[in-house]
Every structure is written in C-alpha cells, then in structure tokens.
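The values are calculated or read from the model by the stated rules, or taken from the named source; none is laboratory data. Computed from a prediction, not measured in an experiment: that's the story for all the values here. Cβ placement follows ideal geometry from the backbone for every residue including glycine, while neighbour counts extend to all protein chains displayed.
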C-alpha cells in the first residue's frame with residue numbers, strides 16, 4: 001500500500017502535465033468554436049465570394065456603374081447609343097454647387113467647364129471638379145470642352161482623370177468608360193483595395209463594416225443607406241468609396 005502511495009506522489013509531474021494538456025486542449029477548442037469564427041466574421045474578404053473573379057464580367061460593371069454627363073450641350077454626347085449598350089447614364093444640363101454631393105455619388109462623370117454651374121457659369125466647372133475630387137477621390141472624371149484651353153482650363157483638365165474634345169463619338173465614350181470601369185471594379189483590384197481600406201480601421205469598426213456589407217448583400221438596406229452607414233464608420237472619403245464599390249461588386253456577384 002505504501003509503495004502505491006509513493007508512486008502517485010512521485011508521479012505528481014504527470015498529473016500536472018495532464019492538467020496542463022487538458023487546459024490547453026479546452027482553450028484550443030474554445031478558440032476554434034467561438035473566437036476564430038468571430039475573428040473571421042470581422043474580415044472583409046470573408047464576405048467576398050471565392051469565385052468572384054470567374055463570375056465577374058463587363059456586363060455586371062455596366063449594370064452597377066452610374067455615369068453622369070454634365071454639359072449644357074448634351075447633344076455632343078451619344079447618350080442614346082450608350083444607354084442602348086447597357087450603360088447607366090444620366091444627363092444634366094446645369095447643376096448647382098449645392099448639389100455637388102449628389103454628383104459625387106456617381107462613379108464616372110463627363111464634365112464640361114463652362115456654363116454648367118448656375119452659381120458661376122464662367123468658372124463653376126473648375127470649382128465643381130475641385131469639390132468632386134475632395135468628396136469622392138475614387139470617382140473618375142473625364143473633363144470635356146469644345147473651346148481653346150485657357151489658364152483656368154489647364155487647371156480644370158489637370159484635376160481630371162482624362163480629357164476629351166467635344167463632340168464625342170460613341171467609340172470614344174466607350175473607350176473612356178471601359179477603362180474607368182476596369183480601374184473601378186476589376187475584382188482583384190477592388191478586393192485588395194477594400195481589404196487595405198478595412199485594415200486602416202480599429203478592429204471593432206471592422207466588424208461593424210462587415211456587418212453592414214452583409215446587410216447590403218442581403219438587400220436589407222439600399223446603396224444610399226449603405227453609403228451613409230459607411231460614412232459613420234469611415235471618415236476618409238477615399239476609403240469610404242472603395243468600400244462602397246467593393247460592397248456593390250459583392251452584392252451584384254452573389
């Protein structure tokens with residue numbers, strides 16, 4: 001009997017080892033069951049379909065991209081042909097500086113400099129493009145004009161992503177738009193951009209953002225509501241619109 005007691009006392013290290021192993025095993029089980037799924041749910045790439053690249057097509061880009069033509073001579077653009085091709089195009093003969101935020105929500109803007117801003121027909125276009133660049137740095141702007149460039153026009157065109165002389169043919173418009181669409185919505189680029197944008201946020205904010213994307217993906221909220229919700233989470237305008245674009249891509253490819 002004494003020998004048995006001595007053996008168990010001497011084997012105390014084994015009991016301790018078993019206890020430690022049991023504790024670690026339980027911790028690992030808890031991690032995989034509860035913690036890991038929660039961490040995964042806060043990762044933005046977790047809501048992106050794995051086959052997104054294979055699913056994506058130019059027709060989907062056309063369906064979700066919003067294009068504005070702001071020009072007092074809309075006849076200089078082949079609007080009917082572009083719409084027939086499947087592009088989502090809206091024309092504006094004139095706008096006001098107070099409606100700049102509305103224009104900033106478009107993905108692509110063809111923008112004239114003269115005569116398109118009621119508040120300032122002469123130089124309003126220059127003011128407008130500056131505000132668009134500030135509100136939505138991700139937006140693509142094609143500056144257009146039929147007049148000889150002056151000093152102000154040079155600054156106006158410098159702020160744009162591309163520049164064209166009017167009138168524009170359907171081929172010219174398609175070339176510009178398709179290039180912009182590739183830069184805005186190409187899956188690998190947009191996913192990397194969205195992940196980078198999320199990494200700039202605190203962990204708690206990341207989870208909020210992923211939850212918002214899931215709601216949008218399930219069509220529980222509109223794109224306007226998603227944009228407003230994202231603005232409360234992300235203060236940087238460029239990061240916000242990157243996330244908005246990624247969410248639109250994910251929702252339309254699901």
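Selection within segment 98-113: residues that are in contact with a helix residue (DSSP H, G or I) (Cβ under 9 Å, 6 or more places away or on another chain) and without any contact (Cβ under 8 Å) to a residue 40 or more places away in the chain. The member of this set that is surrounded by the fewest Cβ atoms within 10 Å (Cβ to Cβ) is 101. Among the candidates 249, 176, 210, the residue that is under 30 Å from residue 74 (Cβ atoms) and either within 10 Å of the chain's Cα centre (by Cα) or outside the structural domain of residue 69 (by TED's automatic domain parsing) (or both) is uniquely 249. Among the criteria (1) buried (at least 17 other Cβ atoms within 10 Å of the Cβ); (2) free of Cβ contacts under 8 Å to residues at least 60 places away in the same chain; (3) not assigned by TED's automatic domain parsing to the domain that holds residue 73, the one residue 196 does not fulfil is (1). Of all residues in segment 122-136, those satisfying the criterion of being closer than 13 Å to residue 156 by Cβ and touching a residue at least 12 places away in the same chain (Cβ under 8 Å) are 123, 124, 125, 126, 127, 128, 129, 130, 131, 132, 133. Looking at segment 97-215, the strands (runs of 3 or more DSSP E) lying wholly inside it that each contain 2 or more residues that are closer than 30 Å to residue 55 by Cα sit at 108-112, 140-145.
Across segment 65-89, what is the total count of residues that are free of Cβ contacts under 8 Å to residues at least 60 places away in the same chain and not in a strand (DSSP E or B)? Of the residues in segment 65-89, 7 are free of Cβ contacts under 8 Å to residues at least 60 places away in the same chain and not in a strand (DSSP E or B).
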